[in-house]
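In what follows, a structure is listed as structure tokens, so that the remarks can point back to it.
The values are calculated or read from the model by the stated rules, or taken from the named source; none is laboratory data. The model shown is predicted, which means the values in this text are computed figures rather than measured ones. Cβ placement follows ideal geometry from the backbone for every residue including glycine, while neighbour counts extend to all protein chains displayed.
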Amino acid sequence: MKIININFDFLKWHKHAIYISSFLIFISLFSVFTKGLNYGVDFNGGTIIEISFTQDAPIEDIRNYLKNNNYKKLSVQYFGSDKDILIRMPNIDTANEADISNNLIDNLNNKYDFKLNKVEYVGAQVGEELRDQGITAALIALLLILIYIALRFEYRFSIGAIFALLHDVLLIIGIFSITQIEFNLSVFAAILAVIGYSLNDTIVVFDRIRENFKLAIAENTKTIIVTNQSINQTLSRTLITSLTTLLVLISLIIFGGEILFGFAFALIVGVIIGTYSSIYIASSTLLIMNVSVKDITIEVDQEKP
């Protein structure tokens, strides 16, 4: 079997990558602070109505009917099967939620024959608590990641990993802010999954960099050469993992329906950005902080018997 040695000079453009990423992060933050996120019922509060039909639910007809009757920003999607429908109605501060949901059910009853399974109201305060607790959980996770990598590698490696993760999260949130795709708990769960995916990819690259540093101590090889070599050595693993993951996610976004769209979309964006950040952001941070082969010398000496 013929082995193909890849020796692509990724870090030739590492400064350009930093500039581009910084610009994209600026655009993302600008959009978040000006447009905000399109929070779903999970975070913003509102009413959830579950109804069932004896036959396949006419979901497109229901969507058009509600739209034509001035029910704005409603989310209508299948729930469990083609006969069950979930209607999400956002919180309206100037109106009584119970009256609106009752009127909506009455209007649907005049046109369709269905069974009402459940009506749930999520208060705005509960939504804010979920949002705040989610942000707190993410920050705690980042702190624990920083501590772990600092102990596992060298403290500057942990800074590079955190920069890469923050880069991924900010860009995903920015894309959701720009596109105004609904941001709900499933999307937040996808972002946490992206953090784990991107971190795993970054640690694989960092581990290879550290091993190559140890081998290059005698030659005192430049950091950029060792880092570039390490990225090329892990490239096949990175691309295969990313491509196989993307195949599953593309299937979800095509066949999963509206209820899985935000989740699958966030993961697709996260996998692409996470692969990019593992190669350019995390590794470029090591170069910016002047991590060198000599920094690993002490660790190697300690490992000797």
Original post:
Quick one: is residue 262 touching a strand residue (DSSP E or B) at 6+ places or on another chain (Cβ under 9 Å), within 30 Å of residue 133 (Cα to Cα) and buried (at least 17 other Cβ atoms within 10 Å of the Cβ)?
Top reply: yes
Subject >> Residue count for the stretch 23-48, restricted to those that are under 27 Å from residue 82 (Cβ atoms) and in a helix (DSSP H, G or I) >> reply: 2
**OP:** Identify, by number, the condition in (1) within 30 Å of residue 178 (Cβ to Cβ); (2) touching a residue at least 60 places away in the same chain (Cβ under 8 Å); (3) over 17 Å from the mean Cα position of the chain (by Cα) that residue 263 doesn't meet.
**Re:** (3)
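So that you can scan it fast, the table gives a plain yes or no per residue for (1) within 20 Å of residue 203 (Cα to Cα); (2) modelled with pLDDT under 85; (3) among the acidic types (Asp, Glu):
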{"site": "237", "(1), (2), (3)": "yes, yes, no"}
{"site": "240", "(1), (2), (3)": "yes, no, no"}
{"site": "249", "(1), (2), (3)": "no, no, no"}
{"site": "276", "(1), (2), (3)": "yes, no, no"}
{"site": "283", "(1), (2), (3)": "yes, yes, no"}
Subject >> Leading residue by the ranking (modelled with the lowest pLDDT) among those in the stretch 49-93 that are outside any loop (DSSP other than H, G, I, E, B), under 13 Å from residue 111 (Cβ atoms) and of a type in the set (S, T, N, Q) >> reply: 68
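For every residue, the table says whether it meets (1) closer than 25 Å to residue 144 by Cα; (2) free of Cβ contacts under 8 Å to residues at least 40 places away in the same chain; (3) crowded, with 18+ Cβ neighbours inside 10 Å.
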site	(1), (2), (3)
174	yes, no, yes
185	yes, no, no
200	yes, yes, no
225	no, yes, no
239	no, yes, no
250	no, yes, no
Original post:
residue 191: in a loop (DSSP other than H, G, I, E, B) and either touching a residue at least 24 places away in the same chain (Cβ under 8 Å) or under 28 Å from residue 26 (Cβ atoms) (or both), yes or no?
Top reply: no
**OP:** Sort through 296, 217, 259 and tell me the only one that's modelled with pLDDT under 85 and assigned to a loop (DSSP other than H, G, I, E, B).
**Re:** 217
